[in-house]
Amino acid sequence: MIDVLIIGAGPTGLTLAVDLARRGIRHRIIDPGTPTGSRGKGLQPRTLEVFDDLGVIGALLDTGGLYPPIRAYAGAEVVWEGRMAEPKDASDAVPYPNGLMVPQWRTEQILRDRLAELGGRVEKAELATFAQDADGVTATLADGTIVHAAYLVGADGGRSTVRKTLGISFAGETRAEERALIGDVRTADLDRDHWHTWADLETRTARVGLCPLAGTDDFQFTAPIPASENPELTLATYQKMLEAGSGRTDIRLTDLTWSSIYRVNIRMAERFRDGRVFLAGDAAHVHSPAGGQGLNTGVQDAYNLGWKLAAVINGGPPALLDTYEEERLPVAAGVLGISTKLHEKAARGQADAYQRGEELQQLLLGYPDSSLSAGPLGGTRAPDAVLHDKSGIRHRLHDLLRGPHFTVLAFDTEFEHPDVRVVTIGERGDYTGTEVQATYAAGLALIRPDGYIACTGDAPEIRTHLARLGAAAA
Ligand SMILES: Cc1cc2nc3c(=O)[nH]c(=O)nc-3n(C[C@H](O)[C@H](O)[C@H](O)COP(=O)(O)OP(=O)(O)OC[C@H]3O[C@@H](n4cnc5c(N)ncnc54)[C@H](O)[C@@H]3O)c2cc1C
């Protein structure tokens, strides 16, 4: 019997697999190998911090790029140009202040490569059904193979077989009339420095867009289509839609490498857990692509679940697993509300429909109301900070947090515990850092493996909290 069977190797399943692999948890991850295309191409700042912790940030930064300015045309004439958000400089607290564009297929490839480095791999297989009892889950794959696991995670996308098998309702709406033709194409007739768009100038609603995909020669094509149309997914269709939407015949499309019709779905599972089975990512919540939240929210789900599964598998308190739904369901509901509002603004042609603010970066999300959080900072993201060691060498706090461990920041005080990494800060400590001291203003601060502050307090409080968090087992 293995510890965890992950269904689906999209960004959510792969993030979980990488996290479990680095923790030495026996797992398998299966996927039939459905082509992904560029789909979720925007990685938000908080996701970049997660990917930094998981060891893939270098590869992502090498291939990704900032979102280019949007250029709106009337035919060949440029009528408006602007950015969704002005690029910001990195600060001590926020190392990745801007969204990074990486086509989803490449993010998945980078995660798969990391998984391979850690000794794991995605197996080509499909879940047919499963059953669970008090001891574990028995999964039946499409080829008849049986897999026994202590836990099963459904990261199998919006149409999730896992969710359906559990009979968990997926409440919300499908806006059947709001559909879009999407795909990855090439053209030599447009520059790669702008996201080229054509809209109905009266209603300001989008007609067709071509976004250059960083690190590739491709463009992501998007064009709304009426509910009644079911066009053939051929290059000729994309060409025809481009010409109809832009009024131009001088832009030749080539190399259609991925094609799909997208329907707007806004839904959330009523529960994220049933016994030994969990739902994560699109299996648990589906969003409008407006605001680029879907993939990012799935990655954060996996990152929240990974350390808890590991702790419980290693003998930590089983109640820890209840906090996955407790913490992630309200976050998913909030994100769903934000992306739906943006989607509706775009549908109505509102002038600020493409302005992107801080609420989308996911840096402000946290778990202040969680039963795992205590005190004024409990549940908030541990900001990055600059520290100096005794030799005056500069360090980043996030470098010290990187890895699967719990961390205790000890300010001008000592603390010892076998299951945490202790970082002593202050005149008598290993590091100095005025900013970090100002942020925490506390004797001791306990930081969870997923980079959220659990609590601040004195040594007995931190020890009690560590026991509740299963630190000895994580
Ligand atoms: C046009 C478009 C643009 C988008 N832009 C953004 C963006 O900018 N930012 C953002 O965050 N999100 C964006 N999204 C959303 C994003 O693509 C999804 O939220 C993301 O793919 C969800 O990841 P996931 O791993 O949860 O699910 P998926 O990516 O759907 O992966 C599920 C996996 O499960 C596998 N699977 C399914 N059934 C089974 C089974 N029975 N057995 C085994 N495996 C199975 C599938 O093959 C698939 O590989 C966009 C989506 C679209 C359509």
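The values are calculated or read from the model by the stated rules, or taken from the named source; none is laboratory data. Only a predicted model underlies this, so the values are computations on that prediction, with no experimental measurement involved. Here the Cβ is made from the backbone with ideal geometry for all residues, glycine too, and neighbour counts use every protein chain on show.
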Point to revise | Output for segment 153-186, where each listed residue is more than 11 Å from the ligand (Cβ to nearest atom), within 24 Å of Y303 (Cβ to Cβ) and aliphatic (A, V, I, L, M) | key: L166, I168
Point to revise | Tally of residues being within 14 Å of the ligand (Cβ to nearest atom), surrounded by 13 or more Cβ atoms within 10 Å (Cβ to Cβ) and in a strand (DSSP E or B) across segment 118-136 | key: 6
Exercise for review: Go through the residues of segment 69-82 one by one and say whether even a single one is within 30 Å of A199 (Cα to Cα) and aromatic (F, W, Y).
Suggested key: yes
Review point. Which one is nearest to L309 (Cα to Cα) among residues in segment 27-86 that are of a type in the set (S, T, N, Q) and within 13 Å of the ligand (Cβ to nearest atom)?
Key: T47
Practice item. Name, by its number, the condition in (1) surrounded by 20 or more Cβ atoms within 10 Å (Cβ to Cβ); (2) more than 22 Å from the chain's Cα centre (by Cα) that does not hold for T174. Key: (1)
Check your understanding: Out of segment 444-463, which residues are over 24 Å from I393 (Cα atoms) and in a loop (DSSP other than H, G, I, E, B)?
Key -> R448, P449, D450, D458
**Study point:** Any hit, segment 359-369, residues being more than 21 Å from the chain's Cα centre (by Cα), closer than 20 Å to L444 by Cβ and not aliphatic (A, V, I, L, M)
**Key:** no
Practice item. Sort out which residues of segment 58-92 are under 20 Å from the mean Cα position of the chain (by Cα) and either of a type in the set (A, V, I, L, M) or surrounded by 12 or more Cβ atoms within 10 Å (Cβ to Cβ) (or both), and write them in order of number. Key: A59, L60, L61, T63, G64, G65, L66, Y67, M84, A85
Check your understanding: Consider E178 against the criteria (1) within 28 Å of G24 (Cα to Cα); (2) not assigned by TED's automatic domain parsing to the domain that holds L321: it satisfies all of them except one. Which criterion is unmet?
Key -> (1)
Exercise for review: Select, from D89, D62, D53, the only residue that is farther than 21 Å from L210 by Cβ and in contact with a helix residue (DSSP H, G or I) (Cβ under 8 Å, 6 or more places away or on another chain).
Suggested key: D53
Point to revise | Search result, residues across segment 309-320 that are part of a helix (DSSP H, G or I) and over 20 Å from D156 (Cα atoms) | key: A310, A311, V312, I313, P318, A319, L320
Check your understanding: Considering segment 11-38 alone, what residues qualify as being within 14 Å of Q104 (Cβ to Cβ), modelled with pLDDT of 95 or more and out of contact with any Lys or Arg (no Cβ under 9 Å at 6 or more places or on another chain)?
Key -> P11, T12, G13, T15, G37
**Study point:** Output for segment 361-420, where each listed residue is charged (D, E, K, R) and either closer than 14 Å to I462 by Cα or in a loop (DSSP other than H, G, I, E, B) (or both)
**Key:** D369, D384, K390, R402, D412, E414, E416, D419
Point to revise | Top-ranked residue in segment 104-117 [being touching a Leu at 6+ places or on another chain (Cβ under 9 Å) and over 25 Å from I182 (Cα atoms); ranked as nearest to the ligand (Cβ to nearest atom)] | key: L115
Check your understanding: For segment 269-285, how many residues are in contact with a strand residue (DSSP E or B) (Cβ under 7 Å, 6 or more places away or on another chain) and crowded, with 19+ Cβ neighbours inside 10 Å?
Key -> 10
Exercise for review: Kindly list the number of the only condition in (1) hydroxyl-bearing (S, T, Y); (2) at pLDDT below 95; (3) under 28 Å from G426 (Cβ atoms) that fails for S373.
Suggested key: (2)
Exercise for review: Assess whether G82 counts as being of a type in the set (G, A, S), at pLDDT below 95 and either within 20 Å of G294 (Cβ to Cβ) or not assigned by TED's automatic domain parsing to the domain that holds R192 (or both).
Suggested key: yes
**Study point:** Positions within segment 307-336 being of a type in the set (S, T, N, Q) and over 26 Å from I266 (Cβ atoms), in sequence order
**Key:** N314
Exercise for review: Being hydrophobic (A, V, I, L, M, F, W, C) and either touching a residue at least 24 places away in the same chain (Cβ under 8 Å) or farther than 22 Å from A310 by Cβ (or both) is the filter here, so list the residues in segment 401-422 that pass it.
Suggested key: L401, F406, V408, L409, A410, F411, F415, V420
Exercise for review: Kindly indicate whether E49 is in contact with a His (Cβ under 8 Å, 6 or more places away or on another chain) and closer than 22 Å to L363 by Cα.
Suggested key: yes
Exercise for review: Within segment 376-411, track down each residue that is of a type in the set (D, E), touching a strand residue (DSSP E or B) at 6+ places or on another chain (Cβ under 8 Å) and closer than 19 Å to E49 by Cβ.
Suggested key: D384
